[in-house]
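Below: one structure, written as structure tokens.
The values are calculated or read from the model by the stated rules, or taken from the named source; none is laboratory data. On a predicted model such as this, the values are computed, not experimentally measured, just so you know. Ideal geometry is used to build each Cβ from the backbone, glycine not excepted, and the neighbour counts take in all protein chains shown.
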Amino acid sequence: MSDKYNPYNNFLSVLKRAAQAVGLHENDYAALCYPERELKVSVPVRMDNGSVRIFEGYRVQHSTSRGPAKGGIRFHPDVNIDEVKALAAWMSLKCAVVNIPYGGAKGGVCVDPSTLSAAERERLTRRYTAMILPIIGPEKDIPAPDVGTNAQVMDWIMDTYSMMNGYTIHGVVTGKDPEVGGSVGRTEATGRGVMIVTLEVLRQTGQDPKKVTVAVQGMGNVGCTAAVLLHEKGCRIVAVSDVSGGLRCESGLDIPAIAAYVKKGGLLKDYDAPDVHHISNDELLTGACDILIPAALENQITASVAERLQAKLIIEAANGPTTVEADAVLEKRGIPVFPDILANAGGVVVSYFEWVQNLQELTWEEKDVNDTLKRVMVRAFNEVMEKSKKFSVNYRLAAYAVAVERICTAKKKRGIFP
Ligand code: NAD
């Protein structure tokens, strides 16, 4: 990976600019430049054909200043230590932006889960869990789903951790199925948070959701939910894509039909419907629309894409979808970016609700989950807007500034041990 696309360098570069913008001294945020703990594991898995494969895995805890570490687990062939470090750092900031009492962590296994059978995926998950077990736990570090993992994987993590401790411990992981301690509304929470932020932007800029067009990159958990919910609010979703390619329809795509298709495992390159034409992911990112929602992976909006894209604003549903160079181009072009650590925080907010329910051994109604999520997201949105105005900085720097100030205050109050 070139330094330019190293997501940890992206994090460090924005951190420095945000700290300078709000006048923080280097000493105040120096510790945030380094993850507190990095664990690398080699995970042996017996494959269905009897052979043994070794997969590289990681768990990184970036900060625990504000509470237990919190962050997802990714199964993807591009997982590497710098990516996991960046994702862990963004989790620290994200939890601080929405002001929930967590630090940040992330884990990952370098694997293409689509090439594994369900039994192999289960064995990989259980062995990986056993190998990171010393550093996770409901009071220490609480994983959750990310790219390539889902509620079933979380259920296996909970079961493995529980079996190794001799009793059921729901709170070790969030994003589980509701039958085994998961919260209603968690699976949709990240996409719902993206919808809440998008509608708040439209409301505060006096725009009617029924008059805007939207393009969504990535039709996984986050992108698909965001597309479905925005479609329900009347937005015209003109383009969507997945790893195989994209679809475009000027009069608006039939999002419920496409959502049902991808949920059954269909690839968009094979999707067919009247007036729908196939486009590349580059065409998805640069095509005409009012709002662009990247909801796939890092580094999708490069400087070249930023020069050409036609969207009027960007809502980052993915983590780190915009490179530092692209950010500069977008700022010059006057295209606002509502950053990942704010826009996709809905998932960790409802993860927090799930953990609270687990610790208290009670369950919330879906309405309570969704209403409380909305309150938390809108409050965080307004705090970022105020910071942006106060320091005349873009929304990304403002969100970082809100977060870094909160983490640094916690660090200062706790002091340095010993
Ligand atoms: P997912 O695995 O459910 O879906 C990923 C989607 O992206 C799939 O549709 C895949 O086909 C598509 N994709 C992959 N590579 C692509 C490419 N090069 N171009 C276009 N599409 C591509 O993952 P997810 O959980 O939806 O996560 C998506 C993003 O949201 C990630 O950046 C993740 O870190 C972030 N995120 C997820 C959550 C969560 O709760 N799941 C929370 C916060 C942030």
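Values as computed for the structure displayed
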{"quantity": "Candidate set: the stretch 169-202, residues that are hydroxyl-bearing (S, T, Y) and under 13 Å from D146 (Cα atoms); chosen: the one nearest to the chain's Cα centre (by Cα)", "calculated": "T190"}
{"quantity": "Filter result (under 17 Å from G223 (Cβ atoms) and in contact with a Phe, Trp or Tyr (Cβ under 9 Å, 6 or more places away or on another chain)) within the stretch 314-336", "calculated": "I314, I315, E316, N319, G320"}
{"quantity": "Any chance A328 is part of a helix (DSSP H, G or I) and either of a type in the set (K, R) or away from the ligand (no atom under 16 Å from the Cβ) (or both)", "calculated": "yes"}
{"quantity": "Close pairs (7 angstrom Cβ cut-off, 6 or more residues apart or separate chains): in a loop (DSSP other than H, G, I, E, B) in the stretch 285-314, of a type in the set (S, T, Y) anywhere", "calculated": "C289/T213; D290/T213; N299/Y5; N299/T323; T302/T323; L309/T286; Q310/T286"}
{"quantity": "The stretch 70-125, residues that are under 22 Å from K176 (Cα atoms) and of a type in the set (D, E, K, R)", "calculated": "K70, R74, K94, K106, D112, E120, R121, E122, R123"}
{"quantity": "Restricting the stretch 1-41 to residues that are without any contact (Cβ under 8 Å) to a residue 12 or more places away in the chain and among the hydroxyl-bearing types (S, T, Y), the residue that is surrounded by the most Cβ atoms within 10 Å (Cβ to Cβ)", "calculated": "Y34"}
{"quantity": "Verdict on M164 being at pLDDT 95 or above and buried (at least 21 other Cβ atoms within 10 Å of the Cβ)", "calculated": "no"}
{"quantity": "Condition check for R396: within 24 Å of L199 (Cβ to Cβ) and either more than 16 Å from the ligand (Cβ to nearest atom) or not in a helix (DSSP H, G or I) (or both)", "calculated": "no"}
{"quantity": "Matching entry among W355, W364 (being in contact (Cβ under 8 Å) with a residue 24 or more places away in the chain and either surrounded by fewer than 17 Cβ atoms within 10 Å (Cβ to Cβ) or away from the ligand (no atom under 16 Å from the Cβ) (or both))", "calculated": "W364"}
{"quantity": "Any hit, the stretch 390-407, residues being buried (at least 18 other Cβ atoms within 10 Å of the Cβ), free of Cβ contacts under 8 Å to residues at least 12 places away in the same chain and among the small types (G, A, S)", "calculated": "no"}
{"quantity": "Among the candidates V238, V228, residue that is more than 9 Å from the ligand (Cβ to nearest atom), in contact with a helix residue (DSSP H, G or I) (Cβ under 7 Å, 6 or more places away or on another chain) and assigned by TED's automatic domain parsing to the domain that holds G265", "calculated": "V228"}
{"quantity": "Pairs, first under 17 Å from S42 (Cα atoms) in the stretch 66-91, second basic (K, R), C-beta under 6 Å, six or more apart", "calculated": "V84/K106"}
{"quantity": "Any hit, the stretch 189-198, residues being of a type in the set (D, E, K, R) and within 12 Å of the ligand (Cβ to nearest atom)", "calculated": "yes"}
{"quantity": "Selection from the stretch 145-177 of residues that are touching a residue at least 60 places away in the same chain (Cβ under 8 Å) and either away from the ligand (no atom under 15 Å from the Cβ) or in the same structural domain as L124 (by TED's automatic domain parsing) (or both)", "calculated": "P145, D146, V147, G148, T149, N150, V153, I157, H170, G171"}
{"quantity": "Test for L309: is it over 19 Å from the mean Cα position of the chain (by Cα) and within 15 Å of the ligand (Cβ to nearest atom)", "calculated": "yes"}
{"quantity": "Unique residue being buried (at least 21 other Cβ atoms within 10 Å of the Cβ) and within 13 Å of the ligand (Cβ to nearest atom) when the list is G218, G265", "calculated": "G218"}
{"quantity": "Strands (runs of 3 or more DSSP E) wholly inside the stretch 14-100 containing at least 2 residues that are in contact with a strand residue (DSSP E or B) (Cβ under 8 Å, 6 or more places away or on another chain) and away from the ligand (no atom under 14 Å from the Cβ)", "calculated": "37-46, 52-63"}
{"quantity": "From the options V79, V97, residue that is of a type outside the set (G, A, S) and touching a helix residue (DSSP H, G or I) at 6+ places or on another chain (Cβ under 9 Å)", "calculated": "V97"}
{"quantity": "Of residues in the stretch 177-195 being within 22 Å of I258 (Cβ to Cβ) and among the aliphatic types (A, V, I, L, M), the one surrounded by the fewest Cβ atoms within 10 Å (Cβ to Cβ)", "calculated": "M195"}
{"quantity": "Residues satisfying the stated conditions in the stretch 117-144, i.e. of a type in the set (A, V, I, L, M) and in contact (Cβ under 8 Å) with a residue 12 or more places away in the chain", "calculated": "A119, L124, A130, M131, I132, L133, I135, I136, I142, A144"}
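For (1) within 17 Å of G71 (Cα to Cα); (2) of a type in the set (G, A, S), each residue gets a yes or a no:
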| position | (1), (2) |
| --- | --- |
| T160 | no, no |
| G181 | no, yes |
| E188 | yes, no |
| V197 | no, no |
| E200 | no, no |
| N221 | yes, no |
